[in-house]
Structure formats: C-alpha cells, structure tokens
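Down below is the structure, laid out as structure tokens.
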Amino acid sequence: MTFGQQVLASFIGTTFGFAFAILLFLITNAIRRFFERKTLRKHLKREFEYDISLLQEWIEEIEKILRKITANDPAVFSYLRYTFFQRTFMQEAFRTGMMYNSLNNEDISNLNTVLLHCDLGIEQYVNSFIKQWQTGQLGQQEALRKFEFEKDELGKYKKRLQKILQKLNK
C-alpha cells in the first residue's frame, strides 16, 4: 500500500468514525430527552392530582367553617394552607414548553389564575377572615359571603385543573 493510499484510508476511516460518533451522540441525546419529557409528564400529572385533592380538602374545610358561622359559633380553628399548593413540575413544564404544546391559551390563563390564587398572600387574606370572625370584627352575613365566594372559587379551580389533567392524560 502506498503512502497516498494509507492517508486516504486513514482519512476515510477517521471521517466515518467522527460521523458515527456524532450520530451516536444525537441518538443518545434524543433518547435522553424523550425519557426526561416522559418523566416530567408523569410527575406533572401526579402534581395535578395532588393539587386537585388539596383543593377538595380546602373546600371541605370551608364547608366546616361555613357550618360554624351559620351556627354563630366563633370557635373556628381552621387554617387554610394555600402555600401547600405544589407548582414545581408545572413551572418546569412551562420552562421546557410542554405546557404550551399541550394546552391552549384559555387553559394556560386558567392555570395562571389558580397559581396566583394559591399563594401566601391569598392564604393570609382568607385566614384573616377567620380571625376577624373569631374577634367579632366580621359580621355573620359578611363572613358567610366571603367564605361562600372562596368555596365557589376553589370549586372552579378544581374543575379547571381536572380539565387540564384530562388534556395531559391524552
């Protein structure tokens, strides 16, 4: 074999080896991204299920509060912990674009409304009504109106999250 043939053989071998390495990298990267998206979707669904159950617990707790207020009983010892609402995988799904690929603008807007409601500020605001009721600063009718409104809002949020969860299950 001549020197020119050896150079050509080395060049062709190196080129094919380099091309194969790039192809292998692209294939493994695509497989890794596929499994990451699959795992994110699984965790996102679980997070939605948890949040829906949490909303149901809050609705039930508000019903207990409403019964106490209706009975004119100031001994309400509930605290609605809206900060327990989970959003870690929702935020990651937004960051990766999964939410934008799976949901329409109305669903995204509805989800944003739920996320804004379930935070520390609203938690303190709603729980201040309990304190005001206990201390007599809030009348019975006004307390009933406020907690009925909150219960209705949480019910709407629960339905919205269930609708979004159904879309994610497709």
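Below are the figures for this structure:
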item: Pair list, Cβ under 6 Å, 6 or more apart: region 128-139 residue of a type in the set (Ser, Thr, Tyr), other residue surrounded by 13 or more Cβ atoms within 10 Å (Cβ to Cβ); result: none
item: Tally, over region 97-119, of residues that are farther than 19 Å from Asp152 by Cβ, assigned to a helix (DSSP H, G or I) and in contact (Cβ under 8 Å) with a residue 40 or more places away in the chain; result: 3
item: Any hit, region 19-37, residues being surrounded by 13 or more Cβ atoms within 10 Å (Cβ to Cβ) and over 16 Å from the mean Cα position of the chain (by Cα); result: no
item: Unique match (being on the phi > 0 side of the Ramachandran plot, out of contact with any Ser or Thr (no Cβ under 6 Å at 6 or more places or on another chain) and either modelled with pLDDT of 95 or more or not aliphatic (A, V, I, L, M) (or both)) among Gly97, Gly155, Gly139; result: Gly97
item: Test result for Leu66, surrounded by 12 or more Cβ atoms within 10 Å (Cβ to Cβ) and either under 24 Å from Gln162 (Cα atoms) or under 25 Å from the mean Cα position of the chain (by Cα) (or both); result: no
item: Exclusive hit being touching a Leu at 6+ places or on another chain (Cβ under 6 Å) and assigned to a helix (DSSP H, G or I), set Phe149, Phe89, Phe94; result: Phe89
item: Among the candidates Arg33, Arg81, residue that is among the charged types (D, E, K, R) and either within 19 Å of Tyr125 (Cβ to Cβ) or in contact with a Cys (Cβ under 7 Å, 6 or more places away or on another chain) (or both); result: Arg81
item: Residue count, region 69-90 (criterion: surrounded by 13 or more Cβ atoms within 10 Å (Cβ to Cβ) and farther than 22 Å from Lys146 by Cα); result: 4
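Let's see how each residue does on (1) under 18 Å from Lys158 (Cα atoms); (2) in a helix (DSSP H, G or I); (3) among the hydrophobic types (A, V, I, L, M, F, W, C):
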| position | (1), (2), (3) |
| --- | --- |
| Arg46 | yes, yes, no |
| Glu49 | yes, yes, no |
| Trp58 | yes, yes, yes |
| Glu61 | yes, yes, no |
| Ile65 | no, yes, yes |
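The values are calculated or read from the model by the stated rules, or taken from the named source; none is laboratory data. On a predicted model such as this, the values are computed, not experimentally measured, just so you know. Heads up, the Cβs are rebuilt from the backbone with ideal geometry, glycines too, and the neighbour counts pull from every protein chain shown.
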